[in-house]
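What follows is a single structure, written as structure tokens, with notes after it.
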Amino acid sequence: MSTVRGPVFAGNWKMHHSPEAARRFFADFLLLCPPRAGRTVLFFPPAVSLAAALEACATRPDIGLGVQNVFWEQQGAFTGEISPALAAEAGAAWVLVGHSERRHLFGETVADSVRKCCAALGAGLRVIVCVGETLEEREGGCAEQTVREQLEPVLQALPSGAEGRWMVAYEPVWAIGTGQTATPEDAQRMHAFIRELLRRVGADGDVLILYGGSVKPDNAAQLLACPAIDGVLVGGASLDPEQFARICEAGS
Ligand code: PGA
């Protein structure tokens, strides 16, 4: 896949959809969502369902597939982990790094996410780095500080020339899985802030910024109408072929 320009519609299935459920999903979704020029659709199934998803999407080069997490080492005694090279050989083109569930449920640190980004890019994967503040941080007035502290170390560590191979997803933690979406104005403001951080390191033009957090068919068009929002990262609503197809139509 060449440089992605957007709009991007990414589905994060989290710990849902077995290989059989993935096959059933794509049997419907591929009919509901025919290829469209300029649109990129990505899926992050559980790693055990990646092969089934790849097979189902074999005739659809407009659809990219990835894994939800990797470890930074190349190989070794790391029970339960998947290296970027293993993921790439299994057919993943993309990986999510620093999803809020990784950070908050599994204790992933900023330093961990930096190592994962570098290792993934080094193995030829493309990366979506997820950032976002908790409700407490937002109410305490430090949403931007949190996002800066999550993103700046990544910006400092990435090899030059990585632009075009990674994106940012802004996902306020309080909006994930809660039905409470950021207003387009709040999202627009944070995206502009992130854009400015990118600009300062000269990584501006080729890095897209997605919004995630309770994106649904009825709010996707409004979010995607914001000039600073280049696409969406969708959890719950990406599990249903019809809902996700409607989201993909919304901004196209
Ligand atoms: P949600 O999840 O759409 O269910 O809020 C988004 C995400 O976690 O990426």
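The values are calculated or read from the model by the stated rules, or taken from the named source; none is laboratory data. Source: prediction; values computed, not measured. Note that each Cβ is placed from the backbone with ideal geometry, even for glycine, and that neighbours are counted across all protein chains shown.
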Got a sec? Which of Leu197, Leu135 is without any contact (Cβ under 8 Å) to a residue 60 or more places away in the chain and more than 16 Å from the ligand (Cβ to nearest atom)? Leu197
The number of residues in segment 101-132 that are of a type in the set (Lys, Arg) and farther than 21 Å from Leu210 by Cβ is 1
Taking Thr146 as the residue in question, decide whether it is among the β-branched types (Val, Ile, Thr) and under 29 Å from Leu32 (Cβ atoms). no
Lone qualifier among Gln180, Gln243 - being closer than 20 Å to His16 by Cα and either part of a loop (DSSP other than H, G, I, E, B) or within 16 Å of the ligand (Cβ to nearest atom) (or both): Gln243
Give segment 230-252 a look and list any residue that's farther than 17 Å from Asp62 by Cβ, of a type in the set (A, V, I, L, M, F, W, C), touching a residue at least 40 places away in the same chain (Cβ under 8 Å) and surrounded by fewer than 24 Cβ atoms within 10 Å (Cβ to Cβ), or say none. Leu239
All but one of (1) touching a helix residue (DSSP H, G or I) at 6+ places or on another chain (Cβ under 7 Å); (2) of a type in the set (A, V, I, L, M, F, W, C); (3) outside any strand (DSSP E or B) hold for Ala192; state the number of the condition that does not hold. (1)
So which residues in segment 36-50 are at pLDDT 95 or above and either part of a loop (DSSP other than H, G, I, E, B) or touching a helix residue (DSSP H, G or I) at 6+ places or on another chain (Cβ under 7 Å) (or both)? Val41, Phe43, Pro45, Pro46, Val48, Ser49
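Matching residues to (1) surrounded by fewer than 20 Cβ atoms within 10 Å (Cβ to Cβ); (2) closer than 23 Å to Gly231 by Cα; (3) within 16 Å of the ligand (Cβ to nearest atom):
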| residue | (1), (2), (3) |
| --- | --- |
| Thr109 | yes, no, no |
| Ala120 | no, yes, no |
| Val147 | no, yes, yes |
| Pro153 | yes, no, no |
| Ala157 | yes, no, no |
Which one is nearest to Trp166 (Cα to Cα) among residues in segment 60-107 that are surrounded by 15 or more Cβ atoms within 10 Å (Cβ to Cβ) and of a type in the set (Phe, Trp, Tyr)? Trp94
State all residues of segment 209-225 that are farther than 19 Å from Ala157 by Cβ, surrounded by 18 or more Cβ atoms within 10 Å (Cβ to Cβ) and either aliphatic (A, V, I, L, M) or away from the ligand (no atom under 16 Å from the Cβ) (or both); if no residue qualifies, say none. Leu210, Val215, Ala220, Leu223, Leu224
Could you tell me which residue of segment 83-107 is nearest to the ligand (Cβ to nearest atom), considering only residues that are outside any helix (DSSP H, G or I) and farther than 20 Å from Gly11 by Cα? Phe106
Do you know which of the residues in segment 226-240 that are within 26 Å of Phe26 (Cα to Cα), assigned to a loop (DSSP other than H, G, I, E, B) and not small (Gly, Ala, Ser) is nearest to the ligand (Cβ to nearest atom)? Leu239
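Residue by residue, here is whether (1) at pLDDT below 90; (2) more than 27 Å from Leu65 (Cβ to Cβ) holds:
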residue: Ile128; (1), (2): no, no
residue: Gly161; (1), (2): yes, no
residue: Phe193; (1), (2): no, yes
residue: Arg199; (1), (2): no, yes
How about segment 152-176: which of its residues are within 22 Å of Val215 (Cα to Cα) and not in a loop (DSSP other than H, G, I, E, B)? Trp166, Met167, Val168, Ala169, Tyr170, Val173, Trp174, Ala175
